[in-house]
Amino acid sequence: MEMQFTLKKYFGYTQFRPYQKEIIEKILDGKDCLIIMATGSGKSLCYQVPPLITGKAAVVISPLISLMLDQVMALKQRGIKADYLSSAQTDRGVQSNAELGHYDILYITPEKACALPTSFWSRLLKAGMCLLAVDEAHCISEWGHDFRVEYKQLDKLRNVLLNVPFVGLTATATEKVRSDIINSLLMKDHHVAIGSFDRKNLFYGVKSFSRSSQFVDQLVEEISKYVDNANSTIVYCTTVKDTEEIFKSLLEAGIKAGIYHGQMANKAREEAHRSFIRDEFYVMVATVAFGMGIDKPNVRYVIHYGCPKSLESYYQESGRCGRDGVPSACWLYYTRSDFAKADFYSAEARSASQRKAIMEAFSAAQHYCMLSTCRRKYLLDYFADEYAHDECGNCDICTSSMKEKDLSREAFLLMACIQSCGGRWGLNLPIGILRGSRSKKIVDAQFDKLPFHGLGKELSANWWKGLAYQLISRDYLVETFKDMYKTVSVSEKGLQFLRSSSPDHQPPLFLPETPGMDL
Ligand code: ADP
Ligand code: ZN
């Protein structure tokens, strides 16, 4: 009853989300808890409610100052007494206030938490402390994707904070990370809450690409389709150089964009983060430095430009998409050269076991790129959240792209048309002919008199382009660049197919039916 009242009074919510109530009850009982739930599922509330019920402070270890600032600001707006402590502060005001029991919730960076004297913790305990939460707890594990040394030292607090429940929170759920958190925080008789990882409203898709300025233009064009006041896009790049290139191309295309990477000054980064949250631009181009604590509901599109270094980081980054539950899409673009980066990533390793962990995490990400089975199933199985179905119906594989269909008639029409026009054009002209266009170019050249004119009008231009790309990748058609202009002609293999075909009969040609032209 009191919990429900507190939820409504401070947060304005009428109902707890799954797991929240039972976790809060366990914490109030003094039990350690490990909370593993997807980003956006409402983990923070689990440590924010107990101090409001008990009148004792919750201390939250959190890795990023920008994230703490956001949370503190949001809590203050709700009338909750909150502040933060970091090593960068010179003023002792917050520390003294904390010792006097002035806060409901106090955020502390891990460095600061390890550096604070025992006397501080003793006074805090005396003033009243209801829990110690370790947010982003996977940072404790070398098996995680974001290992931080200071997190490893948090076990020191155990001896000081006797009888205070420790609460570990993370969105990373692999078995190894889970047991590392339990061991590192010396959890005993703890309660584990594992939420479902399935983000049903997210569509997952993967495409391969080759690095070129043409591809960047294509990507920018694709992004521009999604850009409007109500939606945001995040483009995650693997290098600072890529962020700069894409950022520049977006601006050149007149798209309001922002940039965020580790080589920018703190102030510029915070500014970019804030502008993004306030919808001052629509597309954030960033490295993975743009990460934790992005609680923005209307991100509709998360693009990974380059294969991520692990599936854990992929799931967390793509998880920033669609937090409001509205259908949203996560596309990953990889090039084969990305896969050569294993050595680069594993150079960060400090031990053989860590090196192995990095390699395994990276190889799972590669595997994800090359799947020919449901992507959601692979992700959920990887995170030990067994998915009961073989197909989800909401990833690129399930939505038919890999379901092959006999497209011999369509392939015949397209190749015959390209051949009849002399193979001197791009794709738009032959597709225009098939779709019955009477553009000036087509009429002037009398292509509207060709027998194929209008025979393919029931299929969209994008559908035909999709087919053309399939035929190019299977060497039935060849693309040639001439003075920045692309022409498409029929290859020897394509000619062979045409020779064994007639308008009424073609040899079978099974191809994946590409829905629309998605790059
Ligand atoms: P996480 O820490 O798991 O990533 P958050 O704690 O940031 O997720 O919560 C995500 C969003 O869900 C926030 O906007 C939060 O206010 C909202 N939320 C949390 N609990 C509830 C609830 N019981 N009812 C409605 N909204 C909630
Ligand atoms: Zn699927």
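Laboratory data are not the source of any read-out in this text; all were calculated from the coordinates shown. Since the model is a prediction, treat every value here as computed from it, not as a measurement. When we count neighbours, we look across all protein chains shown, and the Cβ atoms used for this are built from the backbone with ideal geometry, even at glycine.
In nm, to one decimal, how far is the modelled label at Asn229 from the one at Asn97, with both set 7 Å along Cα→Cβ?
About 3.7 nm separates the two model spin labels.
Could you name the lysines in cross-link range of Lys76, using Cα to Cα under 28 Å and dropping any fewer than eight places away on the same chain?
Here the lysines satisfying the reach criterion relative to Lys76 are Lys8, Lys9, Lys21, Lys26, Lys31, Lys43, Lys56, Lys112, Lys126, Lys267, Lys296.
Once the Cα atoms of the chain are picked out, what are the Rg and Dmax in Å?
27.6, 91
For Lys21 and Arg211 in the same chain, what is the full-extension length gain: residue separation times 0.36 nm, less their Cα-Cα distance, in nm?
Gain on extension, Lys21 to Arg211, equals 63.5 nm.
Compute, for the chain, the length of the dipole vector about the Cα centre, with Cβ point charges of +1 (Lys, Arg) and -1 (Asp, Glu) only. Units Debye, rounded to 20.
Working: 63 positive and 60 negative charges, 101 e Å.
With Lys and Arg at +1 and Asp and Glu at -1, about 480 debye.
Out of every Cα-Cα pair in region 50-195, what percent are more than 18 Å apart?
55 percent
Which percent, to the nearest 5, of DSSP beta bridges fully inside region 215-327 are antiparallel? Mind dumping the intermediate values first?
On the way: 1 of 15 bridges.
So the antiparallel bridges in region 215-327 amount to around 5 percent.
In nm, give the distance between the simple-model label positions of Asp198 and Asp390, each being 7 Å from the Cα along the Cα-to-Cβ direction.
1.7 nm
For Ile472 paired with Val240, estimate the spin-label separation in nm (one decimal), with each label point 7 Å from Cα along the Cα-to-Cβ line.
It is 3.4 nm.
Checking the cross-link filter: which lysines have an alpha carbon closer than 16 Å to that of Lys356, excluding same-chain neighbours under 8 positions apart?
Lys176, Lys309, Lys341
Choose one of Leu186, Thr170, Leu219: the residue whose Cα lies farthest towards the positive end of the charge dipole of region 134-242 (beta-carbon charges +1 Lys, Arg; -1 Asp, Glu; about the Cα centre).
It is Leu186.
Rounded to the nearest 5, what is the percent of antiparallel bridges among the DSSP beta bridges in the chain?
Here the antiparallel bridges make up roughly 20 percent for the chain.
Evaluate E = 1/(1 + (r/R0)^6) for Arg274 and Lys457, where r is the Cβ-Cβ distance and R0 equals 30 Å; express this FRET efficiency to the nearest 0.05. Could the numbers behind the result be given before it?
Details: r = 50 Å, r/R0 = 1.66.
According to the calculation, E is roughly 0.05.
Applying the Karplus parametrisation 6.51 cos²θ - 1.76 cosθ + 1.60 with θ = phi - 60° to the phi angles of region 333-348, what ³J(HN,Hα) value in whole Hz is obtained for each residue in order, glycine and proline being reported as x?
Karplus-based 3J(HN,Hα) across region 333-348 equals 10, 10, 10, 4, 5, 4, 5, 7, 7, 3, 5, 4, 5, 6, 4, 6 Hz.
Taking Lys241 as the anchor, which aspartates and glutamates have their alpha carbon closer than 17 Å to its alpha carbon, excluding any fewer than eight residues away along the same chain?
Asp217, Glu252, Asp338
Above 21 Å lies some portion of the pair distances; for region 135-246, what is it as a whole percent of all C-alpha pairs?
The share of Cα pairs beyond 21 Å in region 135-246 comes to 58 percent.
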